[in-house]
1. Using each residue's phi in the stretch 30-47, evaluate 6.51 cos²θ - 1.76 cosθ + 1.60 at θ = phi - 60° and report the 3J(HN,Hα) Karplus result to the nearest Hz, with x for Gly and Pro.
2. Just name one of Ala101, Gly66, Tyr31: the one whose Cα is farthest towards the positive end of the charge dipole of the chain (beta-carbon charges, Lys/Arg +1, Asp/Glu -1).
3. Which whole-number percent is the relative contact order of the stretch 17-135 (Cα, under 8 Å, 6+ apart)?
4. For the chain, which whole-number percentage of the solvent-accessible area (1.4 Å probe, protein heavy atoms only) is attributable to carbon and sulfur atoms?
5. Counting only other residues whose beta carbon sits under 12 Å from that of Phe65, what net charge do I get with K and R as +1, D and E as -1?
6. Pull up all non-local amide H partners of Thr20: gap of 5 or more, or a different chain, and H-to-H distance under 5 Å with H placed in the peptide plane.
7. List, in order, the whole-Hz ³J(HN,Hα) value for each residue of the stretch 81-95 obtained from phi through the Karplus relation with A = 6.51, B = -1.76, C = 1.60 and θ = phi - 60°; use x for Gly and Pro.
8. Could you please report the charge total around Thr20, scoring K, R as +1 and D, E as -1 over all other residues with beta-carbon less than 15 angstrom from its beta-carbon?
Amino acid sequence: MEKEYRVTYKTYYNDRLKQTNFHGKLMYPLYVQVTFDRKSIFFKSFFFDLFSKPKYAARIAGEVFGPDVKDIIKKEESLVEFIIDKDRDNFSLDLFKIEYAYYGRDLPDMMEPGFLEYLYTFLHDEGLPYLAERF
């Protein structure tokens, strides 16, 4: 009879590292720990890095409002749970790392450079080069 192993995870603030700027607030970076078969991996949260970028902050009346860290933790946990559920029958930490990198990608971030090149060309073709130079 083969022993069945549980997969557990937790998100935590890594207070062993230097605090980082998160939209004007200093806070420790968010990390994730995944444990399976008595082995653990630790890695920096993809969503914490992603939502730390200035484009994910709202500027209203001179103040900067970044996303709520609780929402980032929920997104991180839902991604981890999705990968664990998807690979429940053949789970391994190596497979988890590969799929975390794959499913955690930000598609708008990946498509932005190509879209801006297209927009630049389009505006020039339409006779609006002064608008194209803003991008």
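1. Values per residue, Gly and Pro as x: 8, 10, 10, 10, 10, 10, 8, 6, 6, 10, 10, 10, 10, 7, 6, 5, 5, 5 Hz.
2. Tyr31
3. 15
4. C and S atoms contribute 55 percent here.
5. So the environment of Phe65 carries a net charge of 0.
6. Met27, Tyr28
7. Using θ = phi - 60°, the values come out as 5, 4, 5, 4, 5, 5, 10, 4, 6, 10, 6, 8, 5, 5, 5 Hz.
8. Here the charged neighbours net out to +3.
The values are calculated or read from the model by the stated rules, or taken from the named source; none is laboratory data. The shown structure was predicted, so the numbers you read here are calculated from the model rather than taken from an experiment. So basically every Cβ, Gly included, is an ideal-geometry build from the backbone, and we count neighbours across all protein chains shown. The protein model used for the area step is the full one, side chains on, heavy atoms only, and it has no ligands, DNA or RNA in it. Shrake-Rupley method; radii C 1.70, N 1.55, O 1.52, S 1.80 Å.
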